[in-house]
Structures are given as structure tokens and as C-alpha cells.
Amino acid sequence: MAEKKPVLDEDLKNVISLKALVDRGSNKVIFVESDGDFFDVLFSFLTMPMGRIVRLAEDSVPVEIGCLRNLYQSIEKFDVRNFRSNECRDMLLLPCNSADLQCQNLKLKIDDDRPTRYFRCYNGCFLSYYQSVICPSCASTFGWKIPVDNTQVGGVFVKERPRLIITDDLQVISPVSATSICLFSKLGVTDSKTTEELTFNMGIQEALNLLMHSFVSKTPLTEILLKNEPKPSLGDVHSSQGISIDSQMHGDTINEEEKNISLKLVVSKSKKIVCYAEAQEDFVNLLCSFLTLPLGYILEKMRNVSWKGCLDQLYKSVEDLDEKYLKSNFHKELLVNPKLAPGFRYENPLLGIEETSFYYLNEKLTTDKCCIPDNTSAESVKLNVFYPKSHEDSDESAQGFLKGPDTFTVTDNLVVRPLSLILEMSVIQELKVPFTDIEDHIVHMGKREALLLLVASFVGDSALTNTFIRELREPKQEQ
Ligand SMILES: [Zn+2]
């Protein structure tokens, strides 16, 4: 982010101005002040599906987001015959954002490269994200592209013109609570003589950098604004460190329900690590579904987890933000309780995330039920989605993204391949584990393990070990 960089007029629509209070003594950003456009962009991060974020990281700022990059690259390499339909691969590598219709109006669109498109069949029976399919009801093509309104720039999640401030570790503070000297001392400003106000321009690339740095740093604004570091360090992950996950994982009951996914772990007895697992497609479907999840959903599940990023602070701030700053409760829910786009849910309900619904009103597509007039039933204007997973699959009992039955090898850091003895052997060699040190364990997964695995794959590079060995052996705290 170039400081006080002159901008051309035609660039102005793609630039947001920020005022930063900088401590010259420590060379740190104390906080940044800006208007709603900046906070809309920042808050929109919470709505983004992980698959899209990993893809953006691949293309621009290659940060390691736990094991999700390995998972993403593994799915990219799967043979198309492994998937239930051609679209399944696309759904994982380019998942739709359920707040896409809102995000169209962001001032900076960091993920505008392959936008989601919406089609209807000629008789209007179904909506499809893909044009190249035939309507299962009327057999017509999906030739009718639904236009998406992207003309009202601004005021996406945040009400027009509030000035909010945000700290270096992404805590959003309203100016009302900020008008005290206490805040400055709380933020570590001891000497006002060393502080300085600087103005910066943020464009799409800077917004993208901010998102990526926020996964691996507690001071992303300082890094982006002051040091201009080219890339966050790679591979700086806490492989040896277990994850401490709040035993009352948020929104989850720990009651053991039926555990319905089983897998075989190959464990090193002396190192107490999972070398690799052999699993069926149900387990890999669950892993695949992680890429469809919005960032905000994962942050909601990982309260009290220690990790190197600071996006959890952003999540908490939005949750606690006075409602007068957000456009409506619907908009708040899009951020703190984000859903999946219709058609993206993995049928095995271990993660319990819901899908949103599309309504078609006044020739416009919306997901906001409040737009439906009182005299109209939601059902009458709801647009059913032709579920892309079942495009070419007539098996009604089939679930998930992958065709079964199939067996996969999954490494601790989530490299996934169809059963591969070569991969298994290379892992054993790399870990220098003698065969006498290895034993097999069959483990079963319920809701709790699925959430643990999700969080473990997001924050570190030993997802299987942290899910099945370290964490589960720790005594659970009673509330
Ligand atoms: Zn039709």
C-alpha cells in the first residue's frame, strides 16, 4: 500500500482512503480510521468460502492456511471420474459465496475473477449456476441468465457513512467508545509526541494482502501499511503444537451421537503422530466440504483456539458491533452466521451448516426474506436450485462430491489421493518411522470430531494428529 500515492481519477473508484495513526517510535499502526466502504470489504472476508480464499492465495499471496492448501491442490489433481458430476470439482475449487449478491456492490471486489453466474431454464423451474445442463423438469436448457445488480456501490453490510476504527489486530471499535484517552493507553500509546497521522490508499491488491496477512499475523495493518513486506513467511506452522480447543465448542453439544464415519489411522507409537489414514469417500467428502465453508463459519467454531492469525478478532468485533452500524439483522447474520449457497451442503450433516434460499422478486434475485411483501408467501417466490452434485448422477442415495465406493490415502497434513501405497511409503520414509513402530487404529467420527478436524485443518499442519491423538486424549473440562 503506497503511502500518499497520487492516484489518477479513473483509479479513484477502485481505491479506498484510510487514515492511520502510527507510532513512529515502535513503527506500528495503532489504528486505522475509515468509512463504510473499507469495513464492507473487511467484513466481506467473513462470507468468503475457503476454496475461493485458498485459490486467491495460490494466485497472489501464497500463505499457508493450515492444511487447506494441500487439500485444495489434492482435489485439483483428482481425476474428473472421481467426482459425481463435472461440476463437483468446480464447486470445491470455486465455491459460490452465499452473500455473493451483496458482495457485488463492494467498492473493492477482491474475488471478481470467476464470478458466480445464475441461470434459469426457459420455463423457470430451476436456477442453476451452470449453463451447460438440461433442466430435469422441462428438459429445456438453462439459457436465461439472471442479471445481478452491481450498480449500487457502497452500503453493503455497514450503514452509510459511519466512521469506525480498527486496531492492528483487527478489532473494530466504534468512535463512541473510542473517544477516551483510556483507549489510547489501552492500545499502547504512551507518548503522543511519537504518533503521526498518515493517509493511505487501498486498492484491490492491498485488500487481498490484508486478508492473507490476517491468516498468519497479529499485526497485518502494520505489515501492509508500514513495512511493505512482500510475502508472509511460508511454512511457519505449529506442527508440534497441539491445539487447545474449547471443550464447549461453540454451538455444539458434546453428546455423542451416532458416529457414522470410520477410518483407519496408521500411527507411529513412539512419535504419537498419525502418519496417514485410509478412508472411504464419506471421510474425503467431509474434507472436501471444508472448502465450501465460509470463513465466518469456521471462525465461529474456533473460539478460544490459539493460532497465529487475527481474523477471529474481526469476527468477534462484528458480533459485538452495535446494531446501529450494520444495515439490518439479516446483514449481520450474513457475517456472523454465514450459510452455504444453495446446492453446496454435504448431505452428511456432521457440520450442521445450513443453505440459504434464493427468491425471485421484481425480476431480481435476492436471499433476503425481508424483501418479500407481506401478502406473498416465501414459497411462491422461492427459486429451487438444480443441485449440481446430482447433474449426471441418477443414484438418489448418493451423497457428497465424490463417486463411491472408493478408498483414499490421507496424510496428516491433508494430502489426499486415491489409495496410494507409494504415497504411504514415502510418508513413512520421510518421517523415518520403522515398521515396528507402526500400528493401525480404527476411529469413528461424530459431530465433535468433524468440528475438531475442521479447526485443526484450518490452524495447523497436523490435522489428523491434532484431531484424533492429541486433543482427544486431553481431559475435557467440565463447565
Ligand atoms: Zn425447466
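The set of residues from the range 285-332 being part of a loop (DSSP other than H, G, I, E, B) and farther than 24 Å from Gly154 by Cα comprises Leu291, Thr292, Leu293, Met302, Arg303, Asn304, Val305, Ser306, Trp307, Lys308, Gly309, Cys310. Sub-7 Å Cβ pairs linking a first residue in the range 123-137 that is free of Cβ contacts under 8 Å to residues at least 24 places away in the same chain to a second residue that is basic (Lys, Arg) and within 6 Å of the ligand (Cβ to nearest atom), at least 6 apart or interchain, number zero.
Does Ser462 count as free of Cβ contacts under 8 Å to residues at least 60 places away in the same chain and either within 18 Å of Ser289 (Cβ to Cβ) or of a type in the set (Gly, Ala, Ser) (or both)? In short, no.
Listed by first and then second residue, the pairs linking a residue in the range 99-112 that is under 9 Å from Ser44 (Cα atoms) and in a loop (DSSP other than H, G, I, E, B) to a residue that is small (Gly, Ala, Ser) and at pLDDT 95 or above, with Cβ atoms under 6 Å apart and 6 or more places separating them unless they lie on different chains, are Leu106/Ser44.
Phe45: in contact with a Phe, Trp or Tyr (Cβ under 9 Å, 6 or more places away or on another chain) and either of a type outside the set (A, V, I, L, M) or free of Cβ contacts under 8 Å to residues at least 60 places away in the same chain (or both), yes or no? In short, no. Checked against the criterion of being surrounded by fewer than 19 Cβ atoms within 10 Å (Cβ to Cβ) and among the charged types (D, E, K, R), the range 58-67 has at least one qualifying residue.
Let me confirm something: among Lys77, Lys107, which residue is among the basic types (Lys, Arg), away from the ligand (no atom under 16 Å from the Cβ) and modelled with pLDDT of 95 or more? First the steps, then the outcome.
Details: Lys107 fails: modelled with pLDDT of 95 or more.
Unique residue meeting the criteria: Lys77.
Only a single criterion out of (1) on the phi > 0 side of the Ramachandran plot; (2) modelled with pLDDT of 95 or more is not satisfied by Val284, namely (1).
With respect to (1) closer than 22 Å to Ile53 by Cα; (2) at pLDDT below 95, the lone exception for Leu187 is condition (1). Looking only at residues of the range 372-424 that are farther than 23 Å from Gly66 by Cα and of a type in the set (Asp, Glu), we find that the one that is modelled with the lowest pLDDT is Asp393.
In the range 439-452, which residues are surrounded by fewer than 13 Cβ atoms within 10 Å (Cβ to Cβ) and aliphatic (A, V, I, L, M)? Quick ask: steps written out before the conclusion?
Step one: of the range 439-452, the residues surrounded by fewer than 13 Cβ atoms within 10 Å (Cβ to Cβ) are 439-440, 442, 444.
The one that is surrounded by fewer than 13 Cβ atoms within 10 Å (Cβ to Cβ) and aliphatic (A, V, I, L, M): Ile442.
Against the list (1) under 17 Å from Pro388 (Cα atoms); (2) modelled with pLDDT of 95 or more; (3) away from the ligand (no atom under 16 Å from the Cβ), the condition Asn82 fails is (2). Looking across the range 120-172, just one residue is within 9 Å of the ligand (Cβ to nearest atom), part of a loop (DSSP other than H, G, I, E, B) and under 28 Å from the mean Cα position of the chain (by Cα), and that is Phe126.
Is it the case that the range 111-119 has a residue that's closer than 21 Å to Lys364 by Cα and either of a type in the set (Val, Ile, Thr) or within 10 Å of the ligand (Cβ to nearest atom) (or both)? Yes, some residue in the range 111-119 is closer than 21 Å to Lys364 by Cα and either of a type in the set (Val, Ile, Thr) or within 10 Å of the ligand (Cβ to nearest atom) (or both).
Of note, Phe78 satisfies the criterion of being of a type outside the set (Lys, Arg) and within 26 Å of the chain's Cα centre (by Cα). Within the range 420-438, the set of residues being loosely packed, with under 14 Cβ neighbours inside 10 Å and not hydroxyl-bearing (Ser, Thr, Tyr) comprises Leu421, Ile422, Met425, Gln429, Glu430, Lys432, Pro434, Phe435. Of the candidates Gly154, Gly124, the single residue that is surrounded by 13 or more Cβ atoms within 10 Å (Cβ to Cβ), within 24 Å of Glu319 (Cα to Cα) and small (Gly, Ala, Ser) is Gly154.
The values are calculated or read from the model by the stated rules, or taken from the named source; none is laboratory data. Just so it is clear, the structure is predicted and the values come from calculations on it, not from any experiment. All Cβ positions, glycine included, derive from the backbone under ideal geometry; neighbour counts span all protein chains shown.
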